[in-house]
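Novice: Right, I'll just put the structure down here and ask away after.
The values are calculated or read from the model by the stated rules, or taken from the named source; none is laboratory data. For clarity, every value in this text was computed on a predicted model and none was experimentally measured. When we count neighbours, we look across all protein chains shown, and the Cβ atoms used for this are built from the backbone with ideal geometry, even at glycine. Just the protein is used for accessible areas: all its heavy atoms, side chains included, with ligands, DNA and RNA removed. Shrake-Rupley method; radii C 1.70, N 1.55, O 1.52, S 1.80 Å.
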Amino acid sequence: MEIGIDKIGFYTPNTYVDMVKLAEARNVDPAKYTIGIGQEKMAVAPVTQDAVTLAANAALQILDEEDLEKIDLVIFGTESGIDNSKAGAVYVHDLLGIQPHARAIEVKQACYGATAGIQMAKGHIALNPESRVLVLGTDISRYGIGTAGEVTQGAGAVAMVISTKPRILVLENESAYLTSEVMDFWRPIYSETAFVDGKYSNEQYIAFFLNVWEQYKAKYGATLADFEAICFHLPYTKMGMKALREILDQGSQADRERLVAHYQTSTSYNKIVGNIYTGSLYLSLLSLLELSDDLKAGDKIGLFSYGSGAVGEFFAGRLQEGFREALAIAEHKALFADRKELTVEEYEAVFSQTLPTDGSTVTLDIAADPAVICVAGMEDNKRLYINKTNE
Ligand code: HMG
């Protein structure tokens, strides 16, 4: 049975800060941010957006009536969720109007959460071939103003419908994965911002990539020649290249040129959004599929997922006939074109805005946020969500 990605939606808040201006404000050579790190713009989430609304906005764009009837499992992958008990998937299920006889859960393992969701979805569909599963990778990445990690922040969500006979990518069953207890990046429940051992996290990312790649080759006899492209989890766009470079000498000149060229295309969206944690690998896949003009049905795309702490996985998918028609290219172009630049001061002010934690009531200015689904306020320690199309 062929199972895979039938639809991919993406949402990012409509405000961003420019990396050159951020570098200047931090007294850093802008080339460090734009070349050394490889980022151009960083999405900034207003207080009216959180992991729930980002995910719901990403899914809203792609779901039709049939999806709403057939989805019976919603998996919400996040590491910036809003509740230690209740799954963000339950809010998304409600905000989108998915039929009630569904399971709705949240999964967590740093940036690996959405990949875990996809693998669970495949198992569910193998047992229930008529089902469709909504997998969400949604996050707001926060390290703090003036930290080394600040340049690698971002905000956004990817929503994927997983089904049989998928129109975009059939996911192959071959996969290699690894878990090992490492403290490269973590966020204790009392902290709004992540703790990270930056250099160590880079090393672990590469070590995990090499481990799962060697495992995959040994298990399935794979070579670089099998892959038209390899997409990476991208905390910043230089990171995937550091890992890819480690294996390029295993291929021919043609393999090297093809993989590097496709890698560049796979980083375009991530460069102007930043790290969206769980969604980053799938944003990179989206960037590759929507911006490449030389991919064709049957091409094999490798996928490297890494979630600090850490879990890594290498797996692959095959592009399907007519996959371009199943993408929302025009919508994503418009989403990027409509964004507004914030000054560094404005970004810092937005960054410091938080919702009350003392049970008090607040009403937020949702008219200032063009997103269809927003956090409208807070009351009795409950977030009040709104889908403007239902008003
Ligand atoms: P840093 O100390 O500010 O930067 O931290 P650096 O001094 O290492 O410089 C970065 C690069 O810029 C270097 O290149 C410099 O040479 C270059 P590299 O050696 O790496 O190739 N550079 C310049 N280039 C051009 N012109 C210049 C210039 N100056 C310097 N003038 C770091 C950087 C990424 C560590 C930091 O931003 C950080 O801690 N970020 C957060 C952690 C992170 O993103 N780790 C990635 C791997 S872990 C992961 O992917 C998981 C994660 O997504 C979380 C999850 O799973 O949930 C993070």
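Novice: If only one of Y216, Y205 is within 12 Å of the ligand (Cβ to nearest atom) and open to solvent by less than 70 Å² (accessible area, probe 1.4 Å), which one is it?
Specialist: Matching residue, one of Y216, Y205: Y205.
Novice: Right, here's the next one. Can you tell me which residue is least open to solvent (accessible area, probe 1.4 Å) among those in the stretch 314-356 that are within 30 Å of K382 (Cβ to Cβ) and small (G, A, S)?
Specialist: Only one residue tops the list, namely A349.
Novice: Run E40 past the list (1) open to solvent by less than 10 Å² (accessible area, probe 1.4 Å); (2) away from the ligand (no atom under 13 Å from the Cβ) and report the number of the one that doesn't hold.
Specialist: It fails just one condition, (1).
Novice: Follow-up. On the given criteria, is G309 more than 17 Å from the chain's Cα centre (by Cα) and within 14 Å of the ligand (Cβ to nearest atom)?
Specialist: Yes, satisfied.
Novice: Hey, another quick one. Might you check whether a residue that is without any contact (Cβ under 8 Å) to a residue 24 or more places away in the chain and out of contact with any helix residue (DSSP H, G or I) (no Cβ under 8 Å at 6 or more places or on another chain) occurs anywhere in the stretch 318-329? Explain how you work it out, then say what you get.
Specialist: Going residue by residue through the stretch 318-329, those that are without any contact (Cβ under 8 Å) to a residue 24 or more places away in the chain are none.
No; the residues of the stretch 318-329 include none that is without any contact (Cβ under 8 Å) to a residue 24 or more places away in the chain and out of contact with any helix residue (DSSP H, G or I) (no Cβ under 8 Å at 6 or more places or on another chain).
Novice: OK, next. Mind listing just one residue for me: the one in the stretch 269-299 that is surrounded by fewer than 22 Cβ atoms within 10 Å (Cβ to Cβ) and under 15 Å from T152 (Cβ atoms) and, of those, farthest from the ligand (Cβ to nearest atom)?
Specialist: That would be I272.
Novice: OK, next. Given the structure, is F351 aromatic (F, W, Y) and under 24 Å from V161 (Cβ atoms)?
Specialist: no
Novice: Can you confirm whether I145 is closer than 30 Å to Y347 by Cα, more than 16 Å from the ligand (Cβ to nearest atom), touching a Phe, Trp or Tyr at 6+ places or on another chain (Cβ under 9 Å) and β-branched (V, I, T)?
Specialist: Working: closer than 30 Å to Y347 by Cα: yes; more than 16 Å from the ligand (Cβ to nearest atom): no; touching a Phe, Trp or Tyr at 6+ places or on another chain (Cβ under 9 Å): yes; β-branched (V, I, T): yes.
No, not satisfied.
Novice: Filter the stretch 219-236 down to residues that are away from the ligand (no atom under 16 Å from the Cβ) and of a type in the set (A, V, I, L, M), then give me how many there are.
Specialist: Looking only at that region, the number is 4.
Novice: Which members of the stretch 58-93 meet the condition of being surrounded by fewer than 21 Cβ atoms within 10 Å (Cβ to Cβ), touching a Ser or Thr at 6+ places or on another chain (Cβ under 7 Å) and closer than 22 Å to T357 by Cα?
Specialist: Residues satisfying the conditions do not exist here.
Novice: Can we say G302 is within 15 Å of the ligand (Cβ to nearest atom) and either crowded, with 23+ Cβ neighbours inside 10 Å or touching a residue at least 60 places away in the same chain (Cβ under 8 Å) (or both)?
Specialist: When the stated conditions are applied, G302 does not pass them.
Novice: Let me ask you something else. Quick check on this structure: which one of E150, E172 is surrounded by 15 or more Cβ atoms within 10 Å (Cβ to Cβ), in contact with a Phe, Trp or Tyr (Cβ under 6 Å, 6 or more places away or on another chain) and acidic (D, E)?
Specialist: E150
Novice: Let me spell it out: the conditions are (1) more than 15 Å from the ligand (Cβ to nearest atom); (2) farther than 22 Å from A58 by Cβ; (3) open to solvent by 10 Å² or more (accessible area, probe 1.4 Å), and H124 meets all of them except one. Which number is the exception?
Specialist: (2)
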